[in-house]
Amino acid sequence: MEKSALQIARAAYQPKLPAGLRGNVAVKEGEPTQSVGNQEEIKALFPNTYGMPLVEFVPTDEAKEYAPINIGIILSGGQAPGGHNVICGLYDGLKKQNPASKLYGFLMGPGGLVDHKYIEMTDELIDEYRNTGGFDMIGSGRTKLEEVEQFEKGMEIIRELGLNAIVIIGGDDSNTNACVLAEYYAAKNYGVQVIGCPKTIDGDLKNDQIETSFGFDTACKTYAEVIGNIQRDANSARKYWHFIKLMGRSASHIALECALQCQPNVCIISEEVEEKNQTLDDVVTYIASAVAKRAAAGNNFGTVLIPEGLIEFIPAFKALIAELNDLLATEEAKTVGVAGLRAFVLEKLSATNAALYESLPEGVAKQLTLDRDPHGNVQVSLIETEKLLSEMVAAKLAAWKKEGKFNGKFAAQHHFFGYEGRCAAPSNYDADYCYALGTSAAQLVANGKTGYMAIVKNTTAPASEWVAGGVPITMMMNMERRHGAMKPVIRKALVRLDGAPFKEFAANREEWAEKTSFVYPGPIQYFGPTEVCDQCTMTLKLEQGK
């Protein structure tokens, strides 16, 4: 594989490890844990992996001998910066314990375990991918490990390779599946451990034990750089409003972090829209008012940040999408051609939802009826929310102009930043964080743990002061309705309106809306002073009160 000059330089970077993982390691166990909700139901579903203690790795003078072990690793779900460093940390940790230990990578996600597709990790392969972005070392996939048949098929290759453990790197759904797999193998006494690692650039896999999911830091820095560039262009040309949609299907963490870093004129937070029961017109009026106020001061330009999943948080749209999901899943809908789909939908929808559907621009209405994702849900990333909002803002401003309420100019440009951040070369923070997660996973396996997620805490401090360990996955679970049935899942973390990051944003947004308060973060810095290169997100600092 050809390497860029940056990749060659980055390959020499040695990620910083917490003190508890650098030399000899001892295990410090806490009190028994319980799930965040539905304790009796979760305990009944996971009798073998419930109530286990928190684990912390601490330095010790006592050297320990480790028997050789074999581990299989899986990348699950969408890409997030730092995934390769989790694998490198796991590999190095494993080889440090015992050079005879082996690491196998299952190809293209959980499907590789089921279909027995894998490669053995070697020094040469690992060294190719140190501190690089992407998941191309072994690929990823979205196969869900949920069925007994899959578990048993996986056991065939686990036995063949003599694996002691499986490490699954993924988001909340993938780690829920890891917990189910750990429970199944424990109940069967198969002697196979299962460990998870917290990954998702959306930032919605976090709680009291997980400070942040890996990749969020790098993705936000990548997006913030480009948003800053756009803001500088807007401030130079002074003639466009830029509507920027950002990744984040369920949670608005990315939009909020980018707002804190860049200080745009407007940032919509989906969770606030839902909490305040706002309509689409409420959102449009809010943006149009900011445009009008700036125009009155002679500023016919600005930036608007929009979370990818906004549409699903507007109560009226949520109801429409829910009915569309059910309607389009029927056999009758599957026989209707594309040309007749609009008429079919309008005929079958309830009156309120039909009226909303009919009022939408034709392009957006069509996007709402596109093919569903594997879970049967509308693919919100394909809905051009940024264009919908700018068109509606333009219409409202035109009406205000006739009424003498608006005398400025309005021209829009549109952007969607998604894939641009998913495979960026990891920031120093993510490179260090992910390497420590992988090393923690190796220690969890070596100490006989299963049903745990590797964690690293105190990450607003220098890396040497970070605290590594593990948390029982059952501790993070509750029961939620999925596909019409109650299922155990890891509780998803949405933006908290009473949290410090949102409060900081809310305290400043009125000023940002009227004034040109843009900040231009610039590119991710890999080399240079610590205060430039090794900083965590503003979200994390505010959450930790730093």
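Tell me the angle of helix 172-187 to the major Cα principal axis of the chain, expressed in degrees between 0 and 90 and rounded to the nearest ten.
Result, in degrees: 30.
How large is the dipole of the stretch 20-178 about the Cα centre if only Lys and Arg carry +1 and Asp and Glu carry -1, each at its Cβ, rounded to the nearest 20 debye?
Dipole of the stretch 20-178, to the nearest 20 debye: 200 debye.
By the scheme Lys and Arg +1, Asp and Glu -1, what is the net charge of all other residues having a beta-carbon under 15 Å from that of T516?
Summing Lys/Arg as +1 and Asp/Glu as -1 gives +3.
For K409, list the lysines whose Cα falls under 27 Å from its own Cα; do not include residues on the same chain fewer than 8 positions away.
Straight-line reach from K409, under 27 Å: K239, K245, K293, K387, K396, K401, K515.
Towards the positive end of the charge dipole of the chain, with charges on Cβ (+1 Lys, Arg; -1 Asp, Glu), say which of A292, I383, I168 has the farthest Cα.
Highest projection toward the positive end goes to A292.
Once you have the Kirkwood Rh of the stretch 403-546 from its Cα pairs, apply Stokes-Einstein at 10 °C and 1.306 mPa s and quote D in µm²/s.
Approximately 81 µm²/s, per Stokes-Einstein.
How large is ³J(HN,Hα) for each residue in the stretch 331-345, as worked out from phi by the Karplus curve 6.51 cos²θ - 1.76 cosθ + 1.60 (θ = phi - 60°), to whole Hz, x for Gly and Pro?
Values per residue, Gly and Pro as x: 5, 4, 5, 5, 8, 7, x, 4, 5, x, 5, 4, 5, 4, 4 Hz.
Got a sec? Charge dipole of the stretch 329-434, +1 on Cβ for Lys and Arg, -1 for Asp and Glu; which of L356, A398, V345 is way out at the positive end?
Farthest along the dipole direction, towards plus: A398.
Which one of Y185, S35, Y433 is farthest out on the positive end of the charge dipole of the chain, using unit charges on Cβ (Lys, Arg +1; Asp, Glu -1) and the Cα centre as origin?
Y433
In µm²/s, what is D for the chain at 25 °C and 0.890 mPa s, where D = kT/(6 pi eta Rh) by Stokes-Einstein and Rh is the Kirkwood radius from Cα pairs?
The calculation lands on 99 µm²/s.
Can you tell me what share of the DSSP beta bridges in the chain is antiparallel? A percent to the nearest 5 is fine.
The antiparallel fraction comes to roughly 40 percent.
With +1 on each Lys and Arg Cβ and -1 on each Asp and Glu Cβ, and nothing else charged, work out how big the dipole of the stretch 15-70 is about its Cα centre, in Debye to the nearest 20.
Roughly 240 debye, rounded to the nearest 20.
Using the 10 angstrom Cβ neighbour count as an exposure proxy, how do M479, M453, M247 rank, fewest first?
Fewest-to-most Cβ neighbours within 10 Å comes out as M479, M247, M453.
Skipping prolines and chain starts, which residues have an amide H placed within reach, meaning under 5 Å, of the one on T303, given they are 5 or more residues away or on another chain?
Those qualifying (amide H under 5 Å, at least 5 residues apart or on another chain) are H242, N265, V266.
Report, to the nearest 10°, how far helix 253-262 tilts away from the longest principal axis of the Cα atoms in the chain, using its own Cα long axis and a range of 0 to 90°.
70 degrees
Check which residues have an amide H placed less than 5 Å from I455's amide H, if you skip close sequence neighbours.
Correct list: G469, G470, V471.
Could you pull out every residue, at least 5 positions away or on a different chain, whose amide H is within less than 5 Å of the one on I166? Hs are placed 1.01 Å off N in the peptide plane, and Pro or chain starts have none.
G72, Q193, V194, I195
Label the stretch 498-545 by shape, choosing from rounded, prolate and oblate, from the square roots a ≥ b ≥ c of the eigenvalues of the Cα gyration tensor; if a/c is under 1.5 it is rounded, and otherwise prolate applies when a/b is larger than b/c, oblate when it is not.
oblate
Which ³J(HN,Hα) values, rounded to whole Hz and listed in residue order, are derived for the stretch 465-479 from phi using the Karplus coefficients 6.51, -1.76 and 1.60 in 6.51 cos²θ - 1.76 cosθ + 1.60 with θ = phi - 60°, glycine and proline given as x?
Values per residue, Gly and Pro as x: 9, 5, 10, 9, x, x, 10, x, 4, 4, 4, 9, 9, 8, 9 Hz.
For V336, what is the net charge nearby, where nearby means another residue's Cβ is under 11 Å from its Cβ and Lys, Arg count +1, Asp, Glu -1?
Charge balance in the 11 Å sphere: 0.
Where Lys and Arg each count +1 and Asp and Glu each count -1, what net charge lies around N24 among other residues with Cβ under 10 Å from its Cβ?
0
From the phi of every residue in the stretch 442-454, what ³J(HN,Hα) in whole Hz does the Karplus formula 6.51 cos²θ - 1.76 cosθ + 1.60 yield, where θ is phi - 60° and glycine or proline is x?
Working through the residues one at a time gives 4, 5, 4, 5, 4, 9, x, 7, 9, x, 10, 10, 5 Hz.
Does anyone have the angle between helix 83-97 and the longest principal axis of the chain? Alpha-carbon axes, 0 to 90°, nearest 10?
Helix 83-97 sits at roughly 10 degrees to that axis.
On a C-alpha basis, how far is the centre of the stretch 84-145 from the centre of the stretch 265-303 in Å? Whole number, if you could?
Taking the Cα centre of each part, the stretch 84-145 and the stretch 265-303 sit 45 Å apart.
With only Lys, Arg, Asp and Glu charged, each at its Cβ (+1 for the first two, -1 for the last two), find how big the charge dipole of the chain is about the Cα centre; round to the nearest 20 debye.
In debye, rounded to 20, the chain gives about 1120.
Taking every DSSP beta bridge with both residues inside the stretch 46-178, roughly what % is antiparallel (nearest 5)?
Restricted to the stretch 46-178, the bridges split so that about 25 percent are antiparallel.
Would you mind finding the longest exposed-site-free stretch of the chain, with exposed GluC sites (Glu not before Pro) meaning DSSP loop and at most 12 other Cβ atoms within 10 Å?
148-402
Given the -39500 (n - 2.57) contribution per DSSP H run of 4+ residues, what per-residue ellipticity at 222 nm results for the chain, rounded to the nearest 500 deg cm²/dmol?
-13000 deg cm²/dmol
Shape verdict for the stretch 50-178, please, from the Cα gyration tensor: rounded (a/c under 1.5), prolate (a/b greater than b/c) or oblate.
Verdict is rounded for the stretch 50-178.
Each reported figure results from applying straightforward, stated rules to the coordinates on display, with no laboratory input. It should be emphasised that the depicted structure is a prediction, and the values quoted were computed from it without experimental measurement. Don't worry about glycine lacking a Cβ; one is built from the backbone with ideal geometry, like all the others, and counts go over all protein chains shown.
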